[in-house]
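Taking it in order: structure first as structure tokens, then the write-up.
The values are calculated or read from the model by the stated rules, or taken from the named source; none is laboratory data. Bear in mind that the values here come from a model prediction, so they are computed numbers and not experimental data. No Cβ is skipped: glycine too gets one built from the backbone with ideal geometry, and neighbour counts run over all protein chains shown.
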């Protein structure tokens, strides 16, 4: 292997040569270089963008920083920190103050430690970083330090106030969700927040126009209806107070008080209905659509810019990795040899099969020259991100154990039967029959006995499938429905047995166990949708946008948490819930005389309160669906809280959610495979390693994966048709991958080209600037 | 002028020559040809697509068919026909049966006449057309004939049943809105319906999956909650009936019964809230977004295909017009001379200014050769559809009448003051102050006197502006806000004077007049938004999508009308409204004992009924906003009506509306001027006829248009800077124009090219097939 590694490494090599360069030293250096390149590739693959110290200890520190165990720990601590609200006053399960404070202190210390780790990883020291050029990472660090200091301050103040018996407010709890946004590697979440921030001015203008419209309509309502002496159903005067009208009409936009708010006017004169119709048309339909349009458009634009930066950063990382690994073997162009490339891939993805690695290499090195140039090398993270499913046909264990029995006519008949389409249909009918029986009364002994029959049938189905298909293939990673079936049926079996045992033992039937049995039985019905092709497509799309929905889950969590904290401080204890069977007269007005006779009390909404974090979250969800704005209990100004919540959650966040679902669906409808996927597929077909089409058609054999059993190099597997590849088409490992695919058409090709040229000198400059490591 | 008109006209010309071709004959022929070409161009410009008889009487018949008076008459008759529902049983204003039947008969006869006219216009006779190849126009004709016959049949049956005193159902009224869809030139409406029909299969699959989800959740709710003995607020058993649960959970998707439906379970155990949260997340948020995505995607796809066909038809028409007009003057390429082109444009748009015509010609004939080829000729309808605003600076009448006075320093100061930005701001402040005083109690005499002051100030503003700006420019067609201001202020003045006169005369203040005064005062406030640039942009976009909203208004009207007719037959008289001050005990339960104690009666919803067409429409609008599904009064199966209405209106039509607003906004955000607009603008700049930029900046002078006063040819205007042009940028005369612009990027350029090539032979074939007219 040639020693000519690259231009910028020469000093280091000279140094090592002076120090008496021997083979061990060179090997170690080689390993260090490979490690550095692997970190670059891994960063590019996972779209990380942190400038780190490139010395060997720096690399190790950085790898530790990105270690999954540490990431899990950080997330765990954030969850613990956030869930402290369950135990703090107003608590669901009260704990002494010192316990929650101590736990919070532990969390904060860990976060500070993580921050310190980050400071050590980046080449500059924390202090210079804080003073240096303004970039994202630094802003985040500053923000985190401020949050931690503020929280500590609040803990001390609150602790002392409590010790002195003075009432205090834990205001720093509002800052907690910001930790979730900023300390984790939640790029999606941060990006979502940035996009929202950037879209705000546009939304603001539409919102102001919308509010102007509401105010003008309210004024008109006041003038038209205020003097007519109309009464609401409660007997209050109707539309006489301007601010009350503004609030009522704002709530009408959320459709919460339709048609109640219109009825008195409509009862008085049919022409007043025209006023409300025009209002609803303009404000509920047109303005809400315009909000969606503006949010969608701006969010998409911002996201596109972010993704463009992401792609640039990725290419920069890969260019650096190439510089580290490049050799100039004879020709003028620097190249990377297959040997180094293979070791690199081995480092980046330790559990990759060598056949798979061989396949990727043959896609990169199309001409079989044994080395690849910069352009082909740059594709590596995208290649690694393409999900390739390896399939291995393996004989059934019964066939190897009892070949004569397994190959007998009867056995073959059973296998053919199970593989037949009618088998699926028969079980669909059984499931539907089961659904009918579930709907019937389970007190009837015949029906409860029938449930045993159904359980038996489901068990039989699983056993038959296990008999027909290779068990390890049946339970491979991609076989979602097989896992689903088996877990549901086995759990249902266990729960039903426990239930029967309890019943026969003491005639006592546990409600909880029965609930679980019912849920499991009903979940079993979902299987039916899988056998209908059309439904499967829709569900697959929904599953694909799952990670995005999770990102929005976090977004909602952050917003809800902040609103819950503020709401709990403002409204805790104002409404009380006395339990369903309470005879307390205060139950009639939810423990607050202000609510006496209001709809809130009449409809028994007492449990909709801010008395603890769980109630708050459920109430906020109700407000998201329909914002009634329950404000009778406190001052009228409390309505601002509800209006603000509606603006933030419904107008902004829900619209972004809708925008993302729209975008994801359009992508599913329109995008074909990428060029890289196509070339990979072509290569698979060329090497005759593709999965036969008949295998693909059978939905059960589809996408089987062998156990993690590595084969030799692809030369040996070439003649061996038992190992095969298939691309999990259009599926992306990461949300970022999907996003890059979404905007691929929109990303200027010149953008890439320019970028590369611009990167050419700049990245080598950057690499030269990086302290060349000198073997400790 | 050369007599060589074209290849396919030769026979005709030979014939006319044989008949003794003299100058008059040739002139007449020439006129006929020009008329034919003008009809083709006009068809292309307005995107009409009817094959018509090309003989001179055929053309005249076709021009009559497209005459605006006939079109207005048809629309008027349709409106009369639809509004018959107001006078028919159950009527708002009852009329004798024979009156409504007679009016309907007149309408039907007219529609039949229109249809006959159409049959005469098209080259084939009605009977062969009915038997011939299946195309759209024919299908529509068949449908119309069936509708007319069915309606006549129903009228006869219903009339005889009524005469015999037997109860009958006017079932054919459901068919009436179909006349609106099919007999008018409502291409947009028909296209919307076609797009919906084509999108239905996709929507259906998502809907089935959605219903499956609702059914499974309902089953789970039944099993989990049905046995707990929970009670709703009304004291009914909670979640014990499967169909009731399905309905409740379906209504929860519309958010109408949130959180009521969840409260009993939530009160019993906080964990049951999880069930509802998951339900809302999946069914309300995810599925509703997926519906929007599917509707949007399919609607857009279908619309794109329709627009593509439209463009093709347009090019075919223009190719035919070119064939009629073409001359081969010397060169090999057939061309159209400027003289013929000018006469053609004059026929198509009789009121076009010759300077404008000259401008269009110079854009087409860039090289100044005096004739244009086929490609340049094809642009004509697009050129005509670009809105060019001609501006003419003209001295103020006072200046010509009293020059010394008008040009005095004081007068000039006034003019400068009015033109100053501060003038606008001062009046904005006045308007806001006025808004505050409107909000205060008008019973106070000081405030009611102040209203006179404000009126005076507004009048002063208008007079000052009229003094400063040329009155005819001030009241030109594009000056929306000037018209708005003047009309509102003058009306307010008149109404206030009438009100005061009434008051001082008898101390009596008419409520109606006062209402009008208030509405006018408040409408005046809207002017404020025009002075803020950002708001103006948003409002302009909203105004631009206005025609589309009107199309959807028709769509909604059709659907509402059908549902109202069915609803009136099913539910009329079930709920009765006794007036606000009624003491009738039946008032407590809306005249229906089934409603006793229900929320419907408690909330005094009695006026929400199907007792006449107006109540029905208002109720349907309420159901669109929030679908409560009021069904307690009849059989449980009536819920199907409400669920069906929700599916049709909310899931399909409202989503299409949202999709169109989205699309229109994206277009506003993204599209620049078209190539044609750019070249027209360039030509205007070249000819130094452009409007100076400083004129454009002043928002008041913007887009002034001179009175309809034609100048000579552009040669004379070239040196005259008093007439200038400006493109009303990105504005389209027709919805179709906007649509073609929207999909311009998506329409394959090859599509055009191929089309033209394909058209080359086919259109000449088609033209040869058209009966060559032979001079009467």
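Quick one: is residue B:627 farther than 26 Å from residue B:87 by Cα and in a loop (DSSP other than H, G, I, E, B)? Yes: the conditions hold for residue B:627. Of the residues making up the range A:587-619, those that are farther than 19 Å from residue A:649 by Cβ and part of a helix (DSSP H, G or I) are A:587, A:588, A:589, A:593, A:594, A:595, A:599, A:600, A:601, A:602. Mind telling me which of the residues A:255, A:232 ends up being touching a helix residue (DSSP H, G or I) at 6+ places or on another chain (Cβ under 7 Å) and within 20 Å of residue B:627 (Cα to Cα)? After ruling out the rest, the residue left standing is A:255.
In the set (1) surrounded by 15 or more Cβ atoms within 10 Å (Cβ to Cβ); (2) more than 14 Å from every other protein chain (Cβ to nearest Cβ), residue B:160 fails one condition alone, (1). Check whether at least one residue in the range A:294-316 is modelled with pLDDT of 80 or more, within 30 Å of residue A:191 (Cβ to Cβ), surrounded by 22 or more Cβ atoms within 10 Å (Cβ to Cβ) and at the interface with chain B (Cβ under 10 Å from one of its Cβ atoms), and report yes or no. Scanning the range A:294-316 turns up at least one residue that is modelled with pLDDT of 80 or more, within 30 Å of residue A:191 (Cβ to Cβ), surrounded by 22 or more Cβ atoms within 10 Å (Cβ to Cβ) and at the interface with chain B (Cβ under 10 Å from one of its Cβ atoms).
Evaluation of residue A:540 against the conditions (1) modelled with pLDDT of 80 or more; (2) within 13 Å of chain B (Cβ to nearest Cβ) shows that the sole unmet condition is (1).
For (1) at negative phi; (2) part of a loop (DSSP other than H, G, I, E, B); (3) within 25 Å of the chain's Cα centre (by Cα); (4) in the same structural domain as residue A:155 (by TED's automatic domain parsing), each residue gets a yes or a no:
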position	(1), (2), (3), (4)
A:36	yes, no, no, no
A:43	yes, no, yes, no
A:53	yes, yes, no, yes
A:75	yes, no, yes, yes
A:94	yes, yes, no, yes
A:103	yes, no, no, yes
A:111	yes, no, yes, yes
A:115	yes, no, yes, yes
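The number of residues in the range A:410-458 being within 14 Å of chain B (Cβ to nearest Cβ) and either part of a helix (DSSP H, G or I) or surrounded by 11 or more Cβ atoms within 10 Å (Cβ to Cβ) (or both) comes to 16. Number of residues in the range B:516-535 that are closer than 16 Å to residue B:428 by Cβ, surrounded by 16 or more Cβ atoms within 10 Å (Cβ to Cβ) and more than 9 Å from chain A (Cβ to nearest Cβ) equals 4. The combined condition, being under 34 Å from the mean Cα position of the chain (by Cα) and free of Cβ contacts under 8 Å to residues at least 12 places away in the same chain, is fulfilled by residue A:285.
State whether the residues of the range A:568-577 include one that is within 12 Å of chain B (Cβ to nearest Cβ) and in contact with a helix residue (DSSP H, G or I) (Cβ under 7 Å, 6 or more places away or on another chain). Scanning the range A:568-577, I find no residue that is within 12 Å of chain B (Cβ to nearest Cβ) and in contact with a helix residue (DSSP H, G or I) (Cβ under 7 Å, 6 or more places away or on another chain), so the answer is no. Being out of contact with any helix residue (DSSP H, G or I) (no Cβ under 9 Å at 6 or more places or on another chain), at the interface with another protein chain (Cβ under 7 Å from one of its Cβ atoms) and closer than 20 Å to residue B:255 by Cα, is that true of even one residue in the range A:274-290? Scanning the range A:274-290 turns up no residue that is out of contact with any helix residue (DSSP H, G or I) (no Cβ under 9 Å at 6 or more places or on another chain), at the interface with another protein chain (Cβ under 7 Å from one of its Cβ atoms) and closer than 20 Å to residue B:255 by Cα.
Here residue B:243 meets the list (1) free of Cβ contacts under 8 Å to residues at least 40 places away in the same chain; (2) assigned to a helix (DSSP H, G or I); (3) loosely packed, with under 15 Cβ neighbours inside 10 Å almost entirely, failing just condition (1). Name the one entry in A:618, A:613 that is closer than 21 Å to residue A:83 by Cα and either facing chain B (nearest Cβ under 9 Å) or at pLDDT below 80 (or both). That would be A:618, the only listed residue that is closer than 21 Å to residue A:83 by Cα and either facing chain B (nearest Cβ under 9 Å) or at pLDDT below 80 (or both).
Evaluation of residue B:264 against the conditions (1) within 10 Å of chain A (Cβ to nearest Cβ); (2) within 30 Å of residue B:193 (Cβ to Cβ) shows that the sole unmet condition is (2). For the range B:205-219, a residue qualifies if it is more than 9 Å from chain A (Cβ to nearest Cβ) and either surrounded by fewer than 17 Cβ atoms within 10 Å (Cβ to Cβ) or outside any helix (DSSP H, G or I) (or both), and exactly one does: B:211.
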